[in-house]
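Worksheet: the structure to be examined is printed underneath.
Just so it is clear, none of the values below were taken in a lab; they were calculated from the coordinates. Treat the numbers as computed from the prediction; the structure is a model and nothing was measured. All Cβ positions, even for glycine, are placed from backbone atoms using ideal geometry, and neighbour counts span all protein chains on display.
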Amino acid sequence: MSTATKKEHKSNRPARGGVATFIEAIRQGIWEEMERDPTVFVIGEDVGAYGGAFKVTDGLLDEFGEGRVIDTPISEAAIVGAACGAALMGMRPVAEFQFIDFISPGFDMLTNYAAKCRYRWGAGLPTVFRGPCGAGVHSGPFHSVNAEAFFLNTAGLKIVEPSTAYDAKGLIKAAIRDPDPVLYFEHKKLYRLPRLREELPEDDYIVEIGKARTARAGRDLSIITFGAQVLNALDAAAELEREGLDVEVIDLRTLAPMDKEAILASVKKTNKVLILHEAARTGGIGGEIAATIAEEAFEWLDAPVVRVASIDTPVPYSPPLEEYHLPQIKDVLEAARKLAAY
Amino acid sequence: MKTETKRKGASKQGAAKGRKDAGANGANGVTSSPSTAADGELICTTETTLGAEQLLELYRYLLLTRLVEERLVNLYRQTKVVGGVFRSLGQEATAVGTCYALESRDFIAPLIRDLGAVLVKGIRPREIFAQYMAKAWGPSEGRDLNIHFGNMEKGFIGPISHLGDMIPVMTGIALGARMQQKEIVALAYIGDGGMSTGAFHEGLNFAAVQRLPVIIIAEHNWYAYSTPTRLQTAVENLADKAAGYGIPGHIVDGNDIIACYEVTKRAADYARSGGGAVLIEAKTYRRKGHAEHDDQRYISAEELEMWEKRDPVDRFTRHLLTQEIATQAQLDAIVADVQREIDEDVAWAEESPMPDAEKVAYGVFDNSIVPPAFRPKIFGDK
Ligand SMILES: Cc1ncc(C[n+]2csc(CCOP(=O)(O)OP(=O)(O)O)c2C)c(N)n1
Ligand SMILES: [Mg+2]
């Protein structure tokens, strides 16, 4: 039985702009930044010849060579630590975790070294730490995590998570140009989703870190969310519109530092808030958002703030279990209807 | 016999320059020269304490491993497997041969490619099929994938995905057993890639200073996903790392199932009798991609062909026949029996329902103390 499968392979430079998927948008962003700035480099497991487990870095090795596209041993602590060291020397590393679940062996380096450098001795670390996050593709407990809450309680780390191709490109470029460590989470379900294909500008642009976006304007209630759940929120909003409810969807885009102004403005407009996220409910980012609203806009609320999130279990593998675990559109609909009727 | 991988730019490999690729110092160059049959074809070592009956049992496990995986690929193509399939094609002898050297009271922590070891430990194929198909009758009842489960009675500690993490755990298995005066061996598998993790180092170092009966099988299959060993470590042999822990290191031809058995048997005797940890490097080769989706674009056809010739199943078959341990008819009967078992077990797994959705809420903690994690009520709910 022959297994000889060697294929001729060449990955071309991505278009500048044009119609792109979510993953292509990230790839364009990294590519353009590497062209623009010779200090930008990519480091991670299988990012070179293989082009990354999901092919985000496909073709970079051929274009920029092994000096700037570095395949590492399986050691996330080394990836994060070495990225920090290179950044101290004036480089701008873009480090990949094969899955965000594998950020955990780099946790110490991220939360203790990367996060505290500027604060302790004024040494900024222009570093990007990125990778695929999220559940819903039956990958089980170790390839599905949403890790934002693990890092939210550590001052010194910025966290972004886009939900559109435009933002994916604009935010990766902004992250690479940012003077501080940025965790850039990519929901793997979005990578090749046809629905997210869109025309990107040919010209260079960034999406500012720290700014939310109104994904849909509405008057009756606000859904505050980010990442792949933005799509669930928009689908729920479309359904609720048929029932006469005008729902606003806020896509946070940046989770730290959070765009409080955008959140509070929406609360003051609709007076009812539903927070939707994919990570487990307890200790999730929803609690932080709800507390901010309670502290700063209590008198604007016409109903309790509601959270819709995953249940407090690991992410299970089997489809019926995973579906029950994750927030579904029907959960959003049910919560929104109750909220509207409150 | 220098084989060039065809990877573009491989010659510019900075620090890795001049280092060898898979097969350049492959399995056959390192240990004593391998046994061959009269026609010059590879067989297994003839120095063994195993009798004919055991050798045939070993053959059955080896075939079972290969054929269970082949069936998993079929099921995958029929979209009946929910997650990925990670083949051990070409390296099955390592998992089967090493695990066969253990006693039933001993413990293993396999990796995803060590299905063979799991089967030797007495896990039935039906459990594997149901698990891959995310079915309710699978051992994790649909909660986790592939061989990510465990069975304490059978001495099987299931792995997690995070590489290296099982080494400290197996150190603890050995520690806990010693505290209870149990003379067991804890054997953990690790890849050429997984050995780069901090957890591997920390766990093995601890086992070494405690002189715990931990055996590490370093499966040197030349790739970690797409990354060749020369980008993983600067040592020539993975077994060289043993010196850094102050423990013995051995190298074995991982495609010689009898040699794998023998070296592990000796290591187990040594570890059990108080010698402490041992590192065994099995030189073998991963002939499939990391998983079924991987196109292996980073591998040359020559390299694959060379390792096809060293196929561990062909080699053991040839051994059994040329050494007149078994007749072709006997081997055919084993294959037929294995096929029958697989057919039965696939049918069983297919019959299993998918798990009940609400089951997911149970068992995060002891549910007699902490209630299950049901979907939280939103105001107004009863
Ligand atoms: C800590 C950690 N980082 C990354 C991964 C992703 N990953 C899964 S398998 C693999 C390659 C493993 O190679 P090796 O250890 O040589 O084992 P093999 O697949 O060859 O059996 C990688 C990088 C992981 N599982 N754990
Ligand atoms: Mg390997």
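Structure notes:
- Shape box of the range A:173-229 [Cα atoms, principal axes, largest first, Å]: 39, 27, 24
- Taken over the alpha carbons of chain A as equal point scatterers, the Debye sum produces base-10 log I(q)/I(0) values at 0.14 Å⁻¹ of -1.12.
- Crossing angle, helix A:165-177 versus chain A [Cα axis fit, 0-90 degrees, rounded to tens]: 60 degrees
- Residue-averaged beta-carbon neighbours from other chains (10 angstrom radius) around B:298-304: 4
- Value of Rg to Rh for the range B:46-111, rounded to two decimals, is 1.06; Kirkwood radius and Rg both from alpha-carbon coordinates.
- Sparsely packed GluC sites (Glu not before Pro) within the range A:229-270, loop by DSSP, other Cβ within 10 Å at most 14: A:243
- Normalised convex hull volume, the range B:194-334, alpha-carbon set, Å³ per residue: 143 Å³
- Average projection area in nm² (convex hull over Cα atoms of the range B:306-382, one quarter of hull surface): 11.7 nm²
- Extent along principal axes [Cα atoms of the range B:74-215; Å; largest to smallest]: 49, 31, 28
- Rounded D (µm²/s) - the range A:213-341, Kirkwood Rh over Cα pairs, Stokes-Einstein at 10 °C, 1.306 mPa s: 109 µm²/s
- The mean of 1/r over all pairs of different alpha-carbon atoms in the range A:243-286, once inverted, gives a Kirkwood hydrodynamic radius of 12.0 Å.
- Kirkwood Rh (inverse of mean 1/r, distinct Cα pairs), the range B:133-217, angstrom: 13.7 Å
- Listed pairs A:330/B:135; A:211/A:268; B:182/B:265; A:260/A:338; A:55/B:288; A:260/B:359 exceeding 28 Å between Cα atoms: A:260/B:359
- Approximate spin-label separation residue A:338-residue B:153, in nm, with each point projected 7 Å along Cα-to-Cβ: 4.3 nm
- Relative pair counts by distance (%), Cα atoms of chain B, 20 Å bins: 28, 57, 14, 1, 0
- The per residue volume of the convex hull around the alpha-carbon atoms of the range B:203-263 is 98 Å³.
- Computed on the range A:18-200, with alpha-carbon pairs under 8 angstrom and 6+ residues apart, the relative contact order is 28 percent.
- A Förster distance of 45 Å, applied to the separation of the beta-carbon atoms of residue B:362 and residue B:333, puts the FRET efficiency at 0.50.
- The protein assembly as shown: translational diffusion in µm²/s, Stokes-Einstein, Kirkwood Rh over Cα pairs, 20 °C, 1.002 mPa s: 79 µm²/s
- Share of Cα-Cα pairs in the range A:18-200 lying beyond 31 Å, as whole percent: 9 percent
- Per the Cα gyration tensor, the range A:143-287 maps to an equivalent ellipsoid with semi-axes of 24, 19, 15 Å, ordered largest to smallest.
- Dividing the Cα radius of gyration of the range A:197-273 by 2.2 N^0.38 Å, with N the residue count, gives 1.17.
- Only beta bridges with both residues in the protein assembly as shown are counted; by DSSP, about 20 percent of them are antiparallel.
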